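Participant: To start, I am sharing the structure in question, which I have written as structure tokens.
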Amino acid sequence: MNAHGLWEALVAAKLVDGAAPPDAPPPTPWYVRALTGFAAWVASWFVLSTIGALSWRLLDSAPGPIVVGLVLCGAAAWGLRGGDRGTFVEQLALAVALAGQAAVAFGLMNAFSPHRILPLALLVAFELLLVAAIPHRVHRVLAVLAAAGAAYAILLLDVPRLPLVPVLTAAFAMTALVADRNAAVSAWAAPVAAGLALAVCAAAGAMPLVDAFSVGRVPYGARDRMGWLLLAVVFAATAAAIVHARGPADRLARLGIGAGVVALCGFAWAVPGLLAAATVAVVAFAMARPALLGVGLVTALWMTAYYYYALDASLLVKAASLALCGAVLVAIGLVLPRLVAPAEARS
Amino acid sequence: MSHVRDTLLAWNASGRLRDADLAAALRATGVYPDAAAWARFLRLVGIVAGGAMLAAALVFFIAHNWSAMTRAERLLLVEATVLCAVVVAAWRGPGGAAGGTALGVACIALGALLALVGQSYQTGADTDELFSAWALAILPLVILGRQGALWLLWLAIVNGAAELWLVRILDGQNPLQRMLWTLLALNGAALVAAELAFRSGLRESPLWVVRTVAVASAVAATALGLGGSFGGGAWRAGMGLGWLAWLGAIAYVYRVLRVDVFVLAIALASAIAVVSVFLTVHVFVHAGFLAPLAIGALVIGMAWQGTAWLRRIVAEEAS
């Protein structure tokens, strides 16, 4: 549908009036933005190497890398703020921003060594400050990922009871569901939600590696029942919010969806990460974000496959839980669509 | 859909569309899923996820009782799984979600059956022969199913068979180089087939299947290019030329014959990765402290021109 056809559809729905606005340039697809981020990440290594070679004496001191990093981030902020300065400046500024953040991270870890929690916490705060300060879509996604990565490192190293993944999942759901409130909110909420979704799926997907290589403590895995409970609450609350706002009005259809939520939460007792991935998938579908939907579904599949290796239950218990949950989901898949569509037709 | 959303948000930012009407506008223009879309989503996820869980439950149950079962019981159980899955697919029709899921279960169970036969009767077959037999055995089901996901499963098994075969027969004779060439040829041929099927409008090859196979060929080609970046010699140069040939073919097909910005973006990412590594290996270590600056500038330049080019193509396609 072109812009003129869109405007006509809105006029017909009495949502706008007057002549159609002039055509705007088409938006950049998400995969072109992802390419921009990837290229900036590659270039940032070379930028950092150059800065390191030119200022190695400065970098030798404790605050040196932090100062250099802050200068680089400041320069990048100038390049990425203030409207369209062209693709070259955008690309260069992104690379410089990533190099600057790497320098600040290195400087913080060096300055506070051998302590780890404080510099990582400062890094989280710094990245969140950059999310607010630099209004660039790709940069916001990368900064959120960096903040989540630093927070995850705290979790793995020293604070295994930190409910990070449930908090990230809840933050994702809340941010994504308000992202279309208006253009000003969408400018920060959409990239932040994308970054959080990627962070949630990366954390869930990394759980098998954490278990397999015993890297630190298991952050929220099979042995953390509080993590499962929090994720179940987040998933159920998110599903309820979506159903309330946009779901079927029919009571039977809502009961069916509720049954599916309960079945999935029960099954995810041994692999709580599945609920995080399911939350991402459901919200992404509701908000029409197909790339995030794909990420959520692939992560959910991975978590289900990982279930085989989870050590908390015998194979017989796993088989029974899979059969029960699978039977409920198949029943929902066969019966619920017949309730949802006619219910909407009646309402 | 993202184009529609961005247009509506732009109108909201300019004041032509009020905040209070934005959600209604997103629904009216089909950005948000309607009841029919939700019904399809719930149906697909319920049946596919539920079917996969039931299949996994069976596998776990078999694994739990494995040691207590006789050879005949094990074989009968897996054969019954294959048969039931095929019956369900025939009953529901192979083209739908339920039938397609059942065919997928049948394909995976056939692999388990072949592995079990090989293990039970000590046939002496190597793993690559098992994968080859698996690919051959499921081919009729994949053809009957006419679903892209089944063809991707088959392609993954064929890739596995090729890799394992090469590792076995080329023990100590440049297996990595020949494996990368083989994988590039295999996935390149798959991409050609997927593209031709897509253009013919065959339901086996929707756009997402073509793009998935394109990613697979890009991984193989990029690995070939990266392999050719290290060291010297004619065979390394050959790997680099192979990657360049793939890059040229992708650029021609997806810019001239059928525009697909996603595939072009993948090719550009491959170019950035290979060029960066090549320059790092051959220039960085010899050229002093300004080398990283030059390489970084080149990468930024490639990305700058590349994304500008892709955006021009997007604008051309939109107009």
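The values are calculated or read from the model by the stated rules, or taken from the named source; none is laboratory data. Keep in mind the model is a prediction, meaning the values are calculated, not measured. Backbone-built Cβ (ideal geometry, glycine too); neighbour counts: all protein chains shown. Each accessible area value is taken on the protein alone, full model and side chains, heavy atoms only, with ligands, DNA and RNA left out. Shrake-Rupley method; radii C 1.70, N 1.55, O 1.52, S 1.80 Å.
Participant: Which residues, if any, in the stretch B:1-25 lose at least 50 square angstrom of accessible heavy-atom surface (probe 1.4 Å) when the other protein chains sit next to their chain rather than the chain being alone?
Facilitator: B:His3, B:Arg5, B:Asp6, B:Leu9, B:Trp11, B:Arg16
Participant: Over the alpha-carbon set of the protein assembly as shown, divide Rg by the Kirkwood Rh and report the Rg/Rh ratio to two decimals.
Facilitator: 0.96
Participant: Next question. Provide the gained length on full extension for the span B:Cys84 to B:Glu316, in nm with one decimal, where the gain is 0.36 nm per separating residue minus the Cα-Cα distance.
Facilitator: Between B:Cys84 and B:Glu316, full extension yields 78.4 nm more.
Participant: Quick check: pseudo-label points 7 Å beyond the Cα along Cα→Cβ at B:Trp66 and B:Ala13, how many nm apart are they?
Facilitator: Result: 5.7 nm between the two label points.
Participant: Could you check how much of the accessible area of the stretch A:253-298 is carbon and sulfur, as a whole percent, using a 1.4 Å probe?
Facilitator: C and S atoms contribute 85 percent here.
Participant: Using a Förster distance of 45 angstrom, determine the FRET efficiency expected from the C-beta separation of B:Ala249 and A:Leu157, and round it to 0.05.
Facilitator: E between B:Ala249 and A:Leu157, to the nearest 0.05, is 0.45.
Participant: Quick one: what are the phi-derived ³J(HN,Hα) couplings along the stretch B:278-284, Karplus 6.51/-1.76/1.60 with θ = phi - 60°, whole Hz, x for glycine and proline?
Facilitator: Once θ is set to phi - 60°, the couplings for the stretch B:278-284 become 4, 5, 4, 6, 9, 10, 3 Hz.
Participant: Quick check: residue separation of B:Arg203 and B:Trp91 times 0.36 nm, minus the Cα distance between them. What number comes out in nm?
Facilitator: Gain on extension, B:Arg203 to B:Trp91, equals 38.3 nm.
Participant: Let me ask something else about it. Sort the stretch B:49-91 into rounded, prolate or oblate with this rule: let a ≥ b ≥ c be the square roots of the eigenvalues of the Cα gyration tensor; rounded if a/c is under 1.5, and if a/c is not under 1.5, prolate when a/b is larger than b/c, oblate otherwise.
Facilitator: oblate
Participant: What whole-number distance in Å separates the alpha-carbon centres of the stretch B:77-137 and the stretch A:256-281?
Facilitator: For the stretch B:77-137 versus the stretch A:256-281, the Cα centre distance is 29 Å.
Participant: Compute for chains B and A the buried accessible surface, both sides summed, probe 1.4 Å, and express it in Å² to the nearest 100.
Facilitator: 6400 Å²
Participant: Taking the solvent-accessible surface of protein heavy atoms with a 1.4 Å probe, what is the per residue accessible area of the stretch B:33-169 in Å²?
Facilitator: 49 Å²
Participant: Helix-only estimate, please: 222 nm mean residue ellipticity of chain B, summing -39500 (n - 2.57) across DSSP H runs of length 4 or more and dividing by its residues, to the nearest 500.
Facilitator: Helices in chain B give a 222 nm mean residue ellipticity of -27500 deg cm²/dmol.
Participant: Separation between the B:Thr127 and B:Arg27 pseudo-spin-labels, each 7 Å from Cα along Cα→Cβ, expressed in nm?
Facilitator: 5.4 nm
Participant: Computed from the mean reciprocal separation of all distinct C-alpha pairs, what Kirkwood hydrodynamic radius does the stretch B:1-76 have, in Å?
Facilitator: This gives a value of 16.6 Å.
Participant: Give the relative contact order (percent, whole number) for chain B; include only Cα pairs under 8 Å separated by 6+ residues.
Facilitator: Relative CO of chain B lands at 9 percent.
Participant: Please give the net charge around A:Pro29, taking every other residue with its beta carbon less than 14 angstrom from that of A:Pro29, where Lys and Arg add +1 and Asp and Glu add -1.
Facilitator: Net local charge, A:Pro29 excluded: +3.
Participant: Report the equivalent ellipsoid semi-axes for the stretch A:1-159 in whole Å, largest first, defined as the square roots of five times the eigenvalues of the gyration tensor built from alpha carbon atoms.
Facilitator: In descending order the semi-axes read 39, 19, 12 Å.
Participant: Can you tell me the FRET efficiency between A:Arg181 and A:Ala121 if r is taken as the Cβ-Cβ distance and R0 is 30 Å, rounded to the nearest 0.05?
Facilitator: Working from the Cβ atoms, E equals 0.50.
Participant: Please report the carbon-and-sulfur percent of the accessible area for the stretch B:174-317; probe 1.4 Å, protein heavy atoms only, DNA, RNA and ligands left out.
Facilitator: 75 percent
Participant: Please list 3J(HN,Hα) in residue order for the stretch B:64-70, calculated via the Karplus relation 6.51 cos²θ - 1.76 cosθ + 1.60 where θ = phi - 60°; whole Hz, with x for glycine and proline.
Facilitator: Residue by residue, the stretch B:64-70 yields 5, 9, 4, 5, 8, 8, 7 Hz.
Participant: Separate question: Counting other Cβ atoms within 10 Å of each Cβ, which trypsin sites (Lys or Arg not before Pro) in the stretch B:1-101 have at most 15 and sit in a DSSP loop?
Facilitator: Filter output for the stretch B:1-101: B:Arg18.
Participant: Please work out the average accessible area per residue across the stretch A:1-47, using the 1.4 Å probe convention, and give it in Å².
Facilitator: On a per-residue basis, 53 Å².
Participant: May I have the pair-distance distribution P(r) for chain B, computed from all Cα-Cα distances with 20 Å bins from 0 and rounded to whole percent?
Facilitator: Taking all Cα pairs of chain B, the binned fractions are 23, 47, 28, 2 percent.
Participant: Based on C-alpha coordinates, I'd like the Rg and Dmax of the stretch B:33-169, in Å.
Facilitator: Cα only, the stretch B:33-169: 16.5, 55 Å (Rg, Dmax).
Participant: Also, I was wondering about something else. On each of the three principal axes of the Cα atoms of the stretch B:176-319, give max minus min coordinate, whole Å, ordered largest first.
Facilitator: Principal extents (largest minus smallest coordinate, Cα): 54, 40, 18 Å.
Participant: Determine the share of the stretch B:84-145's accessible area contributed by carbon and sulfur atoms, expressed in whole percent, with a 1.4 angstrom probe.
Facilitator: C and S atoms contribute 72 percent here.
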